[in-house]
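The values are calculated or read from the model by the stated rules, or taken from the named source; none is laboratory data. What you see is a predicted model, and the numbers here were worked out from it, not measured in a lab. Here Cβ is always computed from backbone atoms with ideal geometry, including for glycine, and neighbour counts include all displayed protein chains. In case anyone asks, the SASA skips ligands and DNA or RNA and just uses the protein heavy atoms, side chains included. Shrake-Rupley method; radii C 1.70, N 1.55, O 1.52, S 1.80 Å.
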Amino acid sequence: MQRAKKKIMEFKATNIAEFLHGTVEGDENVSVNNVSKIEDGKTGTLAFLANPKYERYIYETEASIVLVRKDFEPEHEVKATLIRVDDPYEAFASLLELYEQARQMKSGIEQPSFIDDSATVGESVYFGAFAYLGANSSLGNNVKIYPQTYIGSGVIIGNNTIIYAGAKIYDGTVIGDNCIIHAGAVIGSDGFGFAPMADGSYKKIPQVGNVILEDDVEIGANTTIDCSTMGSTVIRKGAKLDNLIQIAHNCEVGENTVMAALVGIAGSTKVGKNCMFGGQVGIAGHLTVGDNVKIGAMAGVSNSIKAGRTVLGAPAMDHDKALKTYVVYRRLPQMREQLLALQKEVEELKSKLNEE
Amino acid sequence: MQRAKKKIMEFKATNIAEFLHGTVEGDENVSVNNVSKIEDGKTGTLAFLANPKYERYIYETEASIVLVRKDFEPEHEVKATLIRVDDPYEAFASLLELYEQARQMKSGIEQPSFIDDSATVGESVYFGAFAYLGANSSLGNNVKIYPQTYIGSGVIIGNNTIIYAGAKIYDGTVIGDNCIIHAGAVIGSDGFGFAPMADGSYKKIPQVGNVILEDDVEIGANTTIDCSTMGSTVIRKGAKLDNLIQIAHNCEVGENTVMAALVGIAGSTKVGKNCMFGGQVGIAGHLTVGDNVKIGAMAGVSNSIKAGRTVLGAPAMDHDKALKTYVVYRRLPQMREQLLALQKEVEELKSKLNEE
Amino acid sequence: MQRAKKKIMEFKATNIAEFLHGTVEGDENVSVNNVSKIEDGKTGTLAFLANPKYERYIYETEASIVLVRKDFEPEHEVKATLIRVDDPYEAFASLLELYEQARQMKSGIEQPSFIDDSATVGESVYFGAFAYLGANSSLGNNVKIYPQTYIGSGVIIGNNTIIYAGAKIYDGTVIGDNCIIHAGAVIGSDGFGFAPMADGSYKKIPQVGNVILEDDVEIGANTTIDCSTMGSTVIRKGAKLDNLIQIAHNCEVGENTVMAALVGIAGSTKVGKNCMFGGQVGIAGHLTVGDNVKIGAMAGVSNSIKAGRTVLGAPAMDHDKALKTYVVYRRLPQMREQLLALQKEVEELKSKLNEE
């Protein structure tokens, strides 16, 4: 197989130094098309040296350019071109943001695509090929809709929001500003609601609500968020959901709450703000999880949790108790042996006492 | 961000009353475009009051129209327009169904779309833009295929079935009448079958079977159902699968069985009818789960389960035993202390006895 | 509902016998369009009899053709046409491979599709309708890209690789030869990286790395693999990932490692080669899992694992210890009763001793 990564963008040392208000030391014309960690640096990449602990790597790195502190004095020869700046870490971070913005410069309507006559589209929008925008839907300014995205009817999408390829947005969904929705995510699918019939079959309960994503929300790849039975399933401002997460109907996820992949939250559960959930956590329906709650990976939550608590395990327990319980759990075989030994000893004591 | 939900459909109080054979009390011309719970009612929505416990909300609700019992006598002033009917809950449910049907009135072939010359399409079909229908496949009457759906070759789809945007149906799949498949679901992907080679690598075992979904099946968003190695993976009539579920090759899911999100069922396992599985349940391969079995969320099942049992936990245990075990599990640290205290006491008894 | 599977390909007994260098016994003109197990055989299918244990089925099977050993002597009348070959199992396997190849004979560029002017496409490529190939991307020879697949910019795809409908490949991904990527899989979505701000909100950390899939990798339906923050998330040669798996940023999965569905691996974890993971396993971030490690379904791994170990359970323990612990766990209620009984007995002993 071919391994070389195509050069999408190339930057020269002089241009980078100019952007960072830094000074070049070495080959001014060397160019890079990617970034790397200094310890993994390869030709054609730019790395940085901020922590003195990593200094030894600068003498070995294959990176073509390294950002260093203004007063850095190498003890050995350095092959890479150096760019001297005030704060190499911050300079590196600002380059990453620049790179990210450059990646996102796409605009225009690619063809073929489908935009309903009654839909409205803001300024500087990118609308990829094979994307679909349904009746009465609207896109804000600077929105980027990647190819093959589906946006149903009556959907409202705010400014600067990015929806990656093939995400599916059902009718009536409302999405705020500055959101990012990754490929394959499904927003607004029917809640899982069925009424049992006398013959054992189920009758579908119409799910006529919608999903609201407030501003600054990020939704991971192939994550699914069901619409509410009535009213709205709501993901509040700044919440970040990783890949392959299930949020059931009528749920609410609070501001700035983050969840790792494969979490499942059952219907009508309300999660507070600033919570952190590990991967594969499961939460039963109709519960309340308070603000600032932390839930360890794979925990199974079947009761509401008060604000500020940290829980672990399935069934979930308070952090300290859970750790103590694990310690004993891991010793269960020995504990059983101790118990059996003790039973024997008590038997012996009893017979000894009866003999007397 | 904008919050207003676009008005897709609007209905006047007089029209609703006529449809429900009810009588209007208040503004006949007020109109609604959505429904709400009476306790959350907003202007422009319709709510209902069936349970007398909720009566106090009718005096506060912002809902524009409320369905009430014929003989309802308000104790205070009511702002909303009332529609008096025999059974407010049933009337509300029939309105929801009407709304749902209206949502689904789409028909016609949107362009561009791809229908192979050898494929056949029934009457009153909706076939969305960028959808694909492969060779020798057929769609029944009133089928709705949303945009960007993929239907491979030799696929048969019955009458009235709805497939939402971007679902992917592999070659040879058979889908019954009145099924609903949500966005991003994948039906008929290769089973996970590999023969280990002497050098540690794996050789793919061709998966030449298919998937059969019988009538009235609902499949959730981003759920995956693998085709059989030979023969068919079968989802029986009326089964309902939530989002992000994995059904492996050669499995069978019985009639009217329901599964919550993120369940995983390994290859060749047969699940009976009228079962209920909570979220994130895992079932090992080559097992048999009898009819009417209930499995609690996150349970891990590694043995077959007889009809009618309810199991919990990982490893899964019978419901009553599991609950008793949890009680002790949660007390493990105290239990260990009790054991250590007892050991000490027995030691003391022994030395006391020896002293005598 | 209709049940009949469409006849996509039909083969006559004479043609099959010729291909297998076998001899026909019975109706030479009978034709089949599918395969079956001898015990489930239906008219129009071909089965095989290799294991003498299954001989009784050959007298009942509805299969139209059965492959049998050259020297097979039926004890009763056989309805099916027989084809006598040296090794019925091998002959059957070679037929399956032929069938699989025939299924994959598609080639050509379907319209409408989107291929950027700067992209390059190898020989004998199939590129389905509504598929998208971005700037500077390249496809090797004999590649098959199914409809509605998204391939971003700067993506490199080797020879003979198959990408099924609607998979999404982000910018900069590198995919080797002979890979198979199933429908709905997302390769290269942003890693889940956010820096906490003083006000409780999160700032996105740009994820500028990519994903590399080496040769012979298979990725299941709706599985997600995030790109690296910098550098590459790598899936090594011959690894096989089932459906709905999450591989986070900066991970590495070793050669010929296989994982069942719904596994989640957190960021920066390195998994060795020839490992086997059961379904729904969770592995925390920044760990190392050695070569030849086996992890049982639903295990929760929070510590690194040395090469060759087998672990089970959450929290994960060595196989033997876990099994012993389960035995005691299942007896916890009795154990508690034994402990309480023992406490009582010791109390009695103590008072007896004090009485004396």
Just checking, does the stretch B:117-127 include any residue being under 30 Å from A:Lys203 (Cα atoms), charged (D, E, K, R) and either modelled with pLDDT under 95 or surrounded by fewer than 20 Cβ atoms within 10 Å (Cβ to Cβ) (or both)?
yes
Provide a single number: the residues in the stretch A:198-250 that are under 14 Å from A:Ser268 (Cβ atoms) and either in contact with a helix residue (DSSP H, G or I) (Cβ under 7 Å, 6 or more places away or on another chain) or not assigned by TED's automatic domain parsing to the domain that holds A:Ile157 (or both).
1
Those residues of the stretch C:226-244 that are in a loop (DSSP other than H, G, I, E, B) and touching a Leu at 6+ places or on another chain (Cβ under 7 Å) come to a total of 1
In the set B:Gly267, B:Gly285, which member is in contact with a His (Cβ under 7 Å, 6 or more places away or on another chain) and in contact (Cβ under 8 Å) with a residue 24 or more places away in the chain?
B:Gly267
If I go through the stretch A:186-210 residue by residue, how many of them are more than 8 Å from every other protein chain (Cβ to nearest Cβ) and more than 18 Å from B:Ser36 (Cβ to Cβ)?
7
Somewhere in the stretch C:297-306, is a residue within 11 Å of chain B (Cβ to nearest Cβ), of a type in the set (D, E, K, R) and either open to solvent by 20 Å² or more (accessible area, probe 1.4 Å) or touching a residue at least 60 places away in the same chain (Cβ under 8 Å) (or both)?
no
Among the residues listed as B:Ser137, B:Ser113, B:Ser118, B:Ser124, the single one being assigned by TED's automatic domain parsing to the domain that holds B:Ala167 and at positive phi
B:Ser124
Does the stretch C:84-99 include one or more residues that are part of a strand (DSSP E or B) and either open to solvent by less than 40 Å² (accessible area, probe 1.4 Å) or touching a residue at least 60 places away in the same chain (Cβ under 8 Å) (or both)?
yes
Any idea which of (1) more than 11 Å from every other protein chain (Cβ to nearest Cβ); (2) open to solvent by 60 Å² or more (accessible area, probe 1.4 Å); (3) within 20 Å of B:Ser302 (Cβ to Cβ) is the one C:His286 doesn't satisfy?
(3)
Is it the case that C:Ile163 is free of Cβ contacts under 8 Å to residues at least 60 places away in the same chain and in contact with a Leu (Cβ under 7 Å, 6 or more places away or on another chain)?
no
Filter result (within 8 Å of another protein chain (Cβ to nearest Cβ), in a loop (DSSP other than H, G, I, E, B) and free of Cβ contacts under 8 Å to residues at least 60 places away in the same chain) within the stretch C:175-184:
C:Asp177, C:Ala183, C:Gly184
If I ask for residues that are more than 23 Å from B:Ala183 (Cβ to Cβ) and within 12 Å of another protein chain (Cβ to nearest Cβ), which ones from the stretch A:105-139 would you list?
A:Met105, A:Lys106, A:Gln111, A:Thr120, A:Gly122
Residue satisfying all of: in the stretch A:54-80; within 24 Å of A:Glu10 (Cα to Cα) and part of a loop (DSSP other than H, G, I, E, B); most open to solvent (accessible area, probe 1.4 Å) among these
A:Lys79
Kindly indicate whether C:Met259 is open to solvent by less than 50 Å² (accessible area, probe 1.4 Å) and touching a helix residue (DSSP H, G or I) at 6+ places or on another chain (Cβ under 8 Å).
no
Return the total of residues in the stretch C:328-354 being part of a helix (DSSP H, G or I), at the interface with chain A (Cβ under 9 Å from one of its Cβ atoms) and open to solvent by 70 Å² or more (accessible area, probe 1.4 Å).
2
State all residues of the stretch A:144-174 that are aliphatic (A, V, I, L, M), assigned to a loop (DSSP other than H, G, I, E, B) and under 25 Å from B:Arg103 (Cβ atoms); if no residue qualifies, say none.
A:Val155, A:Ala167
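Being farther than 30 Å from B:Leu241 by Cβ and of a type outside the set (Ser, Thr, Tyr) narrows it down to one residue among B:Val311, B:Val271, B:Val327; which is it?
B:Val327
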Restricted to the stretch B:309-327 and to residues being assigned to a helix (DSSP H, G or I), more than 9 Å from every other protein chain (Cβ to nearest Cβ) and of a type outside the set (D, E, K, R), the residue surrounded by the fewest Cβ atoms within 10 Å (Cβ to Cβ) is B:Leu323
Quick check: anything in the stretch B:210-223 closer than 19 Å to C:Gly279 by Cα and open to solvent by less than 10 Å² (accessible area, probe 1.4 Å)?
yes
Restrict the check to the stretch A:225-245 and report whether at least one residue is buried (at least 24 other Cβ atoms within 10 Å of the Cβ), in contact with a Lys or Arg (Cβ under 7 Å, 6 or more places away or on another chain), at pLDDT 95 or above and more than 11 Å from chain C (Cβ to nearest Cβ).
no
Answer yes if at least one residue in the stretch C:140-147 is open to solvent by less than 50 Å² (accessible area, probe 1.4 Å), basic (Lys, Arg) and farther than 22 Å from C:Ser64 by Cα, and no otherwise.
yes
Those residues of the stretch A:162-182 which are over 19 Å from A:Ser113 (Cα atoms), surrounded by 24 or more Cβ atoms within 10 Å (Cβ to Cβ) and not hydrophobic (A, V, I, L, M, F, W, C) amount to A:Gly172, A:Thr173, A:Gly176, A:His182
Residue check: is C:Met276 under 30 Å from B:Tyr326 (Cβ atoms) and touching a strand residue (DSSP E or B) at 6+ places or on another chain (Cβ under 9 Å)?
no
Quick check on the stretch A:100-108. Is at least one of its residues assigned to a loop (DSSP other than H, G, I, E, B), open to solvent by less than 10 Å² (accessible area, probe 1.4 Å) and either farther than 22 Å from C:Ile205 by Cβ or among the basic types (Lys, Arg) (or both)?
no
Of the residues in the stretch B:13-53, those that are in contact with a helix residue (DSSP H, G or I) (Cβ under 6 Å, 6 or more places away or on another chain), in a helix (DSSP H, G or I) and either outside the structural domain of B:Lys70 (by TED's automatic domain parsing) or open to solvent by 70 Å² or more (accessible area, probe 1.4 Å) (or both) come to B:Glu39
